[in-house]
């Protein structure tokens, strides 16, 4: 995946790291924002969304929970030469889209196995028009402010998404939907950023996630060398979902916790998420574990003729908001301290197409 940009970020503090990010990718942030602005308008279906006001509301919530993340976004804005609300809107794109109330087809699927070789991975599905908006990143930590180094993939202007940090804590990411979702809390992408930059253990990561005052729903699956769990976060609360008795943890885009599932929105609008979970659970039945990135990609290679669309391909033509594709396939193996990334869907992954990433140390 040599054409895919690998952004290397460093700095002695949050503002400096943000500024370093922004100065390197200012034009790309501007391009990503223009595409998202169009997507927000399309998703709102004629209803005007005051994006600057919504975005700045998430800044207020984030400042109260983790002020260093606001400092980092301020640095990004200064370095890229864009208003703070633009950077905030990119980081809050999940929340702003939730406010539109528009149903979304497909999205990510995750498979994790704990045991002698604990590992997990996922497909990352998003709009085909934003295929050029994601990049690999390596963010160097700082002893000065205690920030851990981490690596992974994210979108231009968004501080973090899927990744692994130098302590061996990996985060996988699936969007959920709850009837109470909206804008006003801490954006879920910034929650992922806090985990990657500060969690030194499985317990740390779970504590950060369950404490986060979010206004939109996501499940972030934490994977370390010995343990894994999905933490479902929503405006209605948080829940921790652990692997089954065989060590398997499979996720799509609906709640598994019974209490949170009472407010399920995503699955009611898009029941295909249940098909993906059913098919993937059937595929891991009887398997002793995972044998590397290619094995996991093979598991995720399921198309509609196989009962569900886990590996997603955009249709030819169609309007923005309707052309979904698996933009990346990611595998985390914390015991080895590595994240493996394939540019595209799992059906196109080959031994030669994986890029291996390790988190930079402080």
### Summary
If we ask which residues in the range 153-165 are within 10 Å of the chain's Cα centre (by Cα) and in a strand (DSSP E or B), their number turns out to be 5
## Note on the structure
Across the range 211-230, the tally of residues that are assigned to a strand (DSSP E or B) and within 17 Å of residue 160 (Cα to Cα) stands at 6
### Residue count, the range 236-252 (criterion: within 18 Å of the chain's Cα centre (by Cα) and either in a loop (DSSP other than H, G, I, E, B) or in contact (Cβ under 8 Å) with a residue 24 or more places away in the chain (or both))
6
### Message
Suppose we filter 88, 103 for residues that are in contact with a helix residue (DSSP H, G or I) (Cβ under 8 Å, 6 or more places away or on another chain), modelled with pLDDT under 95 and over 29 Å from residue 228 (Cα atoms); which single one remains?
### Response
103
### Task
Need at least 1 residues that are touching a helix residue (DSSP H, G or I) at 6+ places or on another chain (Cβ under 9 Å), at pLDDT 95 or above and on the phi > 0 side of the Ramachandran plot per element, so show me which helices (runs of 4 or more DSSP H) inside the range 253-362 make the cut, counting only ones lying wholly within it.
none
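The values are calculated or read from the model by the stated rules, or taken from the named source; none is laboratory data. Values in this document were obtained by computation on a predicted structure and should not be read as measured data. Cβ coordinates were reconstructed from backbone atoms using ideal geometry, including for glycine residues, and neighbour counts include every protein chain displayed.
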